Amino acid sequence: MGFHTFDADRAAKLEDPERYAWVSREELIDAVDPAPDGTVADLGSGTGFYTDDVAPHAGTVYGVDVQAAMHDRYREKGLPENVELVESDVADLPFDAGALDAAFSTMTFHEFADDDAVAELARVLRTGGRLATFDWTADGDGVAGPPLDERYDLTDATEMLEDAGFEVVHGTTRTETFAVVALAP
């Protein structure tokens, strides 16, 4: 699997409302199901496009990204008061065990997913904590998103999560994307 990160020089594209065609605000909030006092992490938060949608529904939201340039763009745009930015790889998160009530990724799973990253998510999510993942599917036609050979399909993503002890409670493939909701062990 080829791993890459989204080019920070193209960060303005991450603010395009047409992204809601792939994952709507309502679908994301429903999948994450944040509690008003809950702690949530956006994995690969970029410029905060989806982070901003979840923030009004949670106590604290961590915008996790490996690129400082993405955080700089997010700060320029303006952060909600309850959002804290964390520069980190998903495989080495700076959170205590069980510190998160939920985590989500929107079109970034293919950028970080491996056994170490998924095990790290199982560590930092509380037992029963939700992980909502929306990403480009390897079953798509490649019209949008990364090359097909850099994507997972629903089966591969589900197996990776289950191998780390997650209980997958929802999974579906759509035209060009898949969605998975899983509960932490």
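Observations on the structure shown:
- Of the listed requirements (1) over 21 Å from residue 29 (Cβ atoms); (2) out of contact with any Gly (no Cβ under 6 Å at 6 or more places or on another chain); (3) of a type outside the set (Val, Ile, Thr), residue 103 misses just one: (1).
- Unique match (being free of Cβ contacts under 8 Å to residues at least 40 places away in the same chain and open to solvent by 20 Å² or more (accessible area, probe 1.4 Å)) among 65, 72: 72
- In the set (1) touching a residue at least 12 places away in the same chain (Cβ under 8 Å); (2) more than 15 Å from the chain's Cα centre (by Cα), residue 179 fails one condition alone, (2).
- Helices (runs of 4 or more DSSP H) wholly inside the stretch 1-80 that include at least 2 residues being modelled with pLDDT of 95 or more and among the aromatic types (Phe, Trp, Tyr): none
The values are calculated or read from the model by the stated rules, or taken from the named source; none is laboratory data. Worth saying up front: this structure is predicted, and the values here are computed from it rather than measured. Neighbour counts run over all protein chains shown; Cβ positions are idealised from the backbone, glycine included. Protein only, heavy atoms only, side chains kept; ligands, DNA and RNA dropped before computing areas. Shrake-Rupley method; radii C 1.70, N 1.55, O 1.52, S 1.80 Å.
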